[in-house]
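Student: For reference, the structure I am asking about is given below.
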Amino acid sequence: MAFTGNFEDRVLIRETIETYAHGVMTKDAETWAATWADDAYWALPEYPDLGGFTGKEAIVAGWVESMKHYGLDNCTKPMIYVAHPGEIDVEGDRAKSISYTSEIFEDPATKKTLRVRGRYVDELAKIDGKWLFTRREYTTMHTAED
């Protein structure tokens, strides 16, 4: 079953995923940062210039720096980024999810516009009544050039 556990918690987790996407689309570090637990880990193994980050402070600092290089119109505009969940499994105050992403951005090296479809495998925890990512690991599923 793709969606299991408490319905209200699943909706709140979906909102965490959507808040993350909204933060990317608006280049709003505060909004984006609000989706992470303090001791989280963010893995981006396919982006060697980014790699992985441990702890919210390092995650947010890494994201802020990357947003200087990943965007549109020479990074004067944010990248296009949408996400939707494919699975959410809630067990008490812990959850696992898979979400799929669609991104449009300029490759920092070539300046060509890329359309990338990706997949996040996530772990979340309910901390002080709020669902936060404790681990996110991204993989690319498909890339196309404009």
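Just so it is clear, none of the values below were taken in a lab; they were calculated from the coordinates. Keep in mind it's a predicted model, so treat the numbers as computed, not measured. Counting neighbours? That spans all protein chains shown, and the Cβs are built from the backbone with ideal geometry, glycine included.
Student: In this structure, is TRP63 surrounded by 15 or more Cβ atoms within 10 Å (Cβ to Cβ), over 19 Å from MET79 (Cα atoms) and of a type outside the set (Gly, Ala, Ser)?
Tutor: Here the answer is no, as TRP63 does not meet what is asked.
Student: Something else: What tally of residues in the stretch 74-91 results from selecting those that are surrounded by 14 or more Cβ atoms within 10 Å (Cβ to Cβ) and more than 11 Å from ALA2 (Cα to Cα)?
Tutor: Summing the residues that are surrounded by 14 or more Cβ atoms within 10 Å (Cβ to Cβ) and more than 11 Å from ALA2 (Cα to Cα) in the stretch 74-91 gives 7.
Student: Can you find a residue that is assigned to a loop (DSSP other than H, G, I, E, B), farther than 24 Å from ASP73 by Cα and not β-branched (Val, Ile, Thr) anywhere in the stretch 21-29?
Tutor: No, there is no match, as no residue in the stretch 21-29 is assigned to a loop (DSSP other than H, G, I, E, B), farther than 24 Å from ASP73 by Cα and not β-branched (Val, Ile, Thr).
Student: Give me a count of the residues in the stretch 34-55 that are touching a helix residue (DSSP H, G or I) at 6+ places or on another chain (Cβ under 7 Å) and surrounded by fewer than 19 Cβ atoms within 10 Å (Cβ to Cβ).
Tutor: 3
Student: Condition check: aromatic (Phe, Trp, Tyr), over 23 Å from ALA144 (Cβ atoms) and in contact with a strand residue (DSSP E or B) (Cβ under 6 Å, 6 or more places away or on another chain). Does TRP36 satisfy that?
Tutor: The answer is yes for TRP36.
Student: I've got another one for you. For the stretch 31-146, list the strands (runs of 3 or more DSSP E) that sit wholly inside it and hold at least 1 residues that are under 20 Å from GLU18 (Cα atoms), free of Cβ contacts under 8 Å to residues at least 60 places away in the same chain and under 14 Å from the mean Cα position of the chain (by Cα); which are they?
Tutor: Passing ranges, in order: 80-91, 94-106, 113-127.
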